[in-house]
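> Structure provided below as structure tokens; questions to follow.
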Amino acid sequence: MTERRAILSGSAFEEQIGYARAVVDGDWVHVSGTTGFDYATMTISDDVVEQAQQCLHNIGAALSQAGCGFADVVRVRYLLPDREDFEPCWPVLRRCFGEVRPAATMLVCGLADPRMKIEIEVYARRPRT
């Protein structure tokens, strides 16, 4: 039987909406769209680059709990309400994904809260031990 378990971050949204930050399904890790909220304080910066950094921090924590890291990411999706906000985030994104080079898509769309300026979703494959 394949291992399937949920990873929770403590975000109030997980309980309110009914989802997990990530789901481990065998070798695969599916990380939900993750925004720039600091889950400890439930605050979010007004700056898109700071939000991107916090997104990656939150994603990194979920990947770590799943037994993998950014080097194991095979797919990433960036969702932004304003396409002009994407390029300023590139240096931050490159620090995590520049060597990994996962398949990537950027979409312009509305997000659940007007304070959110970027949301990032990743899929990773855990290393075989």
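> Looking only at the stretch 116-129, count how many residues are touching a helix residue (DSSP H, G or I) at 6+ places or on another chain (Cβ under 9 Å) and open to solvent by 60 Å² or more (accessible area, probe 1.4 Å).
Initial filter on the stretch 116-129 (touching a helix residue (DSSP H, G or I) at 6+ places or on another chain (Cβ under 9 Å)): 116-122, 124-127.
Narrowing further to those that are open to solvent by 60 Å² or more (accessible area, probe 1.4 Å): 117, 125, 127.
Within the stretch 116-129, residues that are touching a helix residue (DSSP H, G or I) at 6+ places or on another chain (Cβ under 9 Å) and open to solvent by 60 Å² or more (accessible area, probe 1.4 Å) number 3.
> Among (1) farther than 29 Å from E3 by Cβ; (2) outside any helix (DSSP H, G or I); (3) open to solvent by less than 30 Å² (accessible area, probe 1.4 Å), there is one condition V24 misses while meeting the rest; what is its number?
(1)
> If you don't mind, another one. Between residues in the stretch 5-24 that are without any contact (Cβ under 8 Å) to a residue 60 or more places away in the chain and residues that are assigned to a strand (DSSP E or B) and open to solvent by 60 Å² or more (accessible area, probe 1.4 Å), which pairs lie under 6 Å by C-beta distance while being six or more apart or on different chains?
A20/A6; V23/A6; V23/H30
> Among the residues of the stretch 81-101, which ones are out of contact with any Leu (no Cβ under 9 Å at 6 or more places or on another chain), among the hydrophobic types (A, V, I, L, M, F, W, C) and within 21 Å of M116 (Cα to Cα)?
W90 - this is the single residue of the stretch 81-101 that is out of contact with any Leu (no Cβ under 9 Å at 6 or more places or on another chain), among the hydrophobic types (A, V, I, L, M, F, W, C) and within 21 Å of M116 (Cα to Cα).
> Could you please find all residues in the stretch 20-79 being within 10 Å of the chain's Cα centre (by Cα), under 22 Å from E99 (Cα atoms) and β-branched (V, I, T)?
The answer is V31, T34, I59, V76.
> Of all residues in the stretch 28-53 being part of a loop (DSSP other than H, G, I, E, B) and modelled with pLDDT of 95 or more, which is nearest to A104 (Cα to Cα)? Show your work before the answer.
First, pick out the residues of the stretch 28-53 that are part of a loop (DSSP other than H, G, I, E, B): 36, 39-42, 45-47.
Right, trim to modelled with pLDDT of 95 or more and you get 36, 45-47.
On the way: G36: 19, S45: 25, D46: 25, D47: 23 Å.
Filtering first and then ranking leaves G36.
The values are calculated or read from the model by the stated rules, or taken from the named source; none is laboratory data. The model shown is predicted, which means the values in this text are computed figures rather than measured ones. Neighbour counts are summed over all protein chains in view; Cβ atoms, including those assigned to glycine, are modelled from backbone coordinates with ideal geometry. All accessible areas refer to the heavy atoms of the entire protein, side chains included, with ligands and DNA or RNA removed. Shrake-Rupley method; radii C 1.70, N 1.55, O 1.52, S 1.80 Å.
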